[in-house]
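Notes follow once the structure below has been shown.
The values are calculated or read from the model by the stated rules, or taken from the named source; none is laboratory data. Values in this document were obtained by computation on a predicted structure and should not be read as measured data. Reconstructed Cβ throughout: ideal geometry from the backbone, glycine too, with neighbour counts over all protein chains shown. Note: accessible area is taken over every heavy atom of the protein model, side chains too, but ligands, DNA and RNA are not part of it. Shrake-Rupley method; radii C 1.70, N 1.55, O 1.52, S 1.80 Å.
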Amino acid sequence: MKGKYTKELRLFAVFVALFLFFSIMSPDRFLTQNNIMTMLKQMPELGLLTIAIMLVILTKGNNLSNVATAILSGILAALVMAGLYKGGHSVALSIIVGLLAGFAAAMLCGILNGLFVAYIGVASMLTTLASSTFFKGISMNITQGRAISGFPEQVYGMSRTYFAGIPILCWIYIICIVTVHVMLEHTRWGRTVYMLGCNMTATEYAGVKVRKELLKVYLLSAALSFAGGFLMISRYNSAKVDYGSSYLLQSLTASVLGGVDIQGGHGSVIGAVIAVMILQVLSSGMNILNVNRFFTDIITGAILIFVLALNFIFHKINEKRLTTQ
């Protein structure tokens, strides 16, 4: 148990080092209550989308449609909420029905991906890449490129509400983190997810209904994507196709940086969460230091390539070590 979270502790050390670096470089701008609160409000969106893609990677797959699912479900939720609210319905009814509509849309996205990957056997990368384009196309046709607004102000109020000095958006994120962590680390289903990534054939021979369990993973991934999408429309007070366009690369980077093996079977929610914290601090710090936004994207891509290369090298070293024993 002592060395179980060694990678996570190293990542946390990197986070602390980066936080201290930017605090020293610009204490009057970075180390302020306003900036800290801004980071706490932005981080949940990327964090939820990262956990959504991480779950699928654990099964030796990929979900390139996490952002598209978040956008589509968020747009539909916003449309329903705005329509009901403008039609004279109560705030509570408008929000509840809107949430149910968005969640239902996300579940349909998850079912579509899960059916093609688990039951038809199409490669997850190809499936989710195609479905991402499909979902974005639907979103674009629904909105015609416009922002959807006019829903109850209580939705936007969530992003300005605090509990114990921490934004409500962050509390929602924490609840999701704890829930998924417990599911993965302390339930039979969680052990099954890791088994699917390690050896799907052996898992099937062990009596596990592989297709059914894989579908569950895509459904949970879609649910987390919807949660991220809803927090996004709450913070922006509107829903638009362009929102969160950079989150796909960032969520994939955070997953790999957090120690999730791209080959499946290894990784943790804690590692992914710390990686999100690193990327958030890096993004905020570079923005404060007036580093070009496009250069930030270059750094994010470089981090992903570097970590993937390191993982590949360590994987080969371990393989060689096993064969020589």
## Note on the structure
So T6 and V97, fully extended at 0.36 nm per residue minus their Cα-Cα distance, gain in nm 28.4 nm
### Task
Compare I120, I174, I278 in a GNM of the chain, Cα atoms joined below 10 Å, and give the one with the largest fluctuation.
I120
### Around K209: net Lys/Arg minus Asp/Glu count, Cβ-Cβ under 14 Å
+2
### Query
Based on the mean of other beta carbon atoms within 10 Å per residue, what is the order of 8-16, 44-52, most packed first?
44-52, 8-16
## Note on the structure
Of 22-32, 68-78, ordering from highest average Cβ density within 10 Å down gives 68-78, 22-32
### Query
Gain in length, T201 to R321, computed as 0.36 nm per residue apart minus the alpha-carbon separation, to one decimal in nm?
40.7 nm
## Note on the structure
Pseudo-spin-label distance R188 to Q154, built 7 Å along Cα→Cβ, given in nm, is 4.0
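I'd like the FRET efficiency for I36 and S246, computed as 1/(1 + (r/R0)^6) with the beta carbon distance as r and R0 of 30 Å, rounded to 0.05.
Here the calculated transfer efficiency is 0.90.
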### Message
Quick check: pseudo-label points 7 Å beyond the Cα along Cα→Cβ at L129 and F295, how many nm apart are they?
### Response
3.2
#### Entry: For the chain: accessible area per residue (Å², 1.4 Å)
49
### Task
Calculate, in nm to one decimal, what F314 and R29 gain on full extension: separation in residues at 0.36 nm each, minus their alpha carbon distance.
98.7 nm
### Query
Expressed as a whole percentage, what fraction of the accessible surface of the chain belongs to carbon and sulfur atoms when a 1.4 Å probe is rolled over the protein heavy atoms?
66
